[in-house]
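Working notes, beginning with the structure itself.
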Amino acid sequence: MLSYTINVGAQIPEDAVLTPARMNALFRSITISVSGTIGTSDITAGAINTTLVLPGPYFYEDSAVISANVYPVTLSPAPTGYEDGLLIAFKTSGANTGAVDVNVNGYGAKNLLKADGTEYASGEIPSGSTIEARYNGTEFRTTSAHLPTNAAFTGTLSVAGTSTFTGAATFAAAVTQRAAASNYAAGTLAAGVYAVTLAPALTAYATGQIVRFLASAINTGAVNVNVNALGEKDLQAPDGTGSGTLRELAAGEIRAGQMVEALYDGTRFVVTSALARPRFVSTDQALPSAGAVLDVAHGLGAKPFHIRWELVCQTSDQGWTAGDAMDAMAAVDADNNCPFTPHVDVGDTTNVSILRSAQALYVMTKGTGAYNTITAGNWRLRAICEL
């Protein structure tokens, strides 16, 4: 017969205001004491049996030595048999070489399956693993999480997404690298082709491959790449409109010493790294006659966004010496206006143009600041433009 005693240590005066602190103090002061013995009538028949009492963390075998892919597990205290819900734990001695059984205290072999009900493959239970498994009335299924410490792999490995390998991983077969940080080499430019020799070498072009190379020289127009002598492929770039249209590279978009990254789309390589701004610098052009327009082909393949014209001295004039250059917009005419006007839309996809005033040309004399006329034959115009 059991007896219960409830003691309340704290009291709240009748006129006291109930506060959370006083209520908490009251509840914390309550203690319950149980005394006596449990009689046969105090427990419902079947409330306690071996299934509920025996399974527990003390059901552990320190060394289950595998034999013919059966782990014999001897537990102490011993269970009375295979009861639904029986939980066991054991430390393996020896790795499995195929599907696995366990034999608990000689009651007979039962399948040991993974949590999802699949069989263990060879080597998936290394020696020294700690296995926890629960019996479901038919077989044992592991409830412990463990990974093989040294498993051999043969066949085809397909990885979608990101995979992390911890420890050493050895692949006996060839591994095709579609995109790896090691895909980098020098890119030697010759006859409009950057030759890139990767190590390890690519054996074939495949969609999604990423290639990185250090350009040996500036490009002078459209270029190709040839990776590991697999054949030339176009090297193109997005046209910048967001439409997905690709374009050939313009001269100067790849500079000597520039790192270039490109992705193979199944047909060509598409540049994914930042390109240099395409730039055109013309040869020195004779000044147009008074009131005439000078057109210069830029070869950029698109309308330039930035255009600058320079007056370049060819023969000493007004304190300037051969090779000196100034902004053409710094010159003036007899009306003190700029004698050069970028013509029409400044430039188009083919030419940049400039219009010369019909009046005489004046420049600031070097060293004095005074404006004086120049001899047109002593000067040339140079166009500099960028996309």
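The values are calculated or read from the model by the stated rules, or taken from the named source; none is laboratory data. A quick note: this is a predicted structure, and the numbers were derived from the prediction, not measured. A quick note on method: Cβ atoms are made from the backbone with ideal geometry, for glycine too, and the neighbour counts reach across all protein chains shown.
Per-structure values
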quantity	calculated
Any hit, region 264-279, residues being touching a Ser or Thr at 6+ places or on another chain (Cβ under 9 Å) and either among the small types (Gly, Ala, Ser) or buried (at least 18 other Cβ atoms within 10 Å of the Cβ) (or both)	yes
Exclusive hit being of a type in the set (Ser, Thr, Tyr) and free of Cβ contacts under 8 Å to residues at least 12 places away in the same chain, set 245, 283, 315	245
Near pairs, Cβ below 6 angstrom, 6+ apart or cross-chain, from region 298-311 (aliphatic (A, V, I, L, M)) to any residue that is modelled with pLDDT of 90 or more and part of a strand (DSSP E or B)	307/352; 311/326; 311/379
Cross-chain or 6+ apart pairs with Cβ under 8 Å, region 85-96 first and crowded, with 21+ Cβ neighbours inside 10 Å, then basic (Lys, Arg)	86/134; 88/134
Residue match in region 303-323 (condition: in the same structural domain as residue 373 (by TED's automatic domain parsing), more than 44 Å from the chain's Cα centre (by Cα), of a type in the set (Val, Ile, Thr) and within 30 Å of residue 223 (Cα to Cα))	no
Test: residue in region 299-310 that is modelled with pLDDT under 95, farther than 30 Å from residue 276 by Cβ and not acidic (Asp, Glu)	no
Qualifying residue in region 112-133 (condition: at pLDDT 90 or above and touching an Asp or Glu at 6+ places or on another chain (Cβ under 8 Å))	yes
Tally, over region 285-326, of residues that are basic (Lys, Arg) and either part of a loop (DSSP other than H, G, I, E, B) or under 15 Å from residue 366 (Cβ atoms) (or both)	1
For residue 329: the one exception among (1) at pLDDT below 90; (2) not in a strand (DSSP E or B)	(1)
Residue in region 344-367 that is exposed (fewer than 15 other Cβ atoms within 10 Å of the Cβ), free of Cβ contacts under 8 Å to residues at least 12 places away in the same chain, among the hydrophobic types (A, V, I, L, M, F, W, C) and part of a loop (DSSP other than H, G, I, E, B) present	no
Residues of region 98-113 classified as over 18 Å from residue 75 (Cβ atoms) and surrounded by fewer than 14 Cβ atoms within 10 Å (Cβ to Cβ), total	1
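One line per residue, one yes/no per condition, for (1) assigned to a loop (DSSP other than H, G, I, E, B); (2) modelled with pLDDT of 75 or more; (3) of a type in the set (D, E, K, R):
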| position | (1), (2), (3) |
| --- | --- |
| 5 | no, yes, no |
| 13 | yes, yes, no |
| 33 | no, yes, no |
| 38 | yes, no, no |
| 57 | yes, no, no |
| 72 | no, yes, no |
| 84 | yes, yes, yes |
| 90 | no, yes, no |
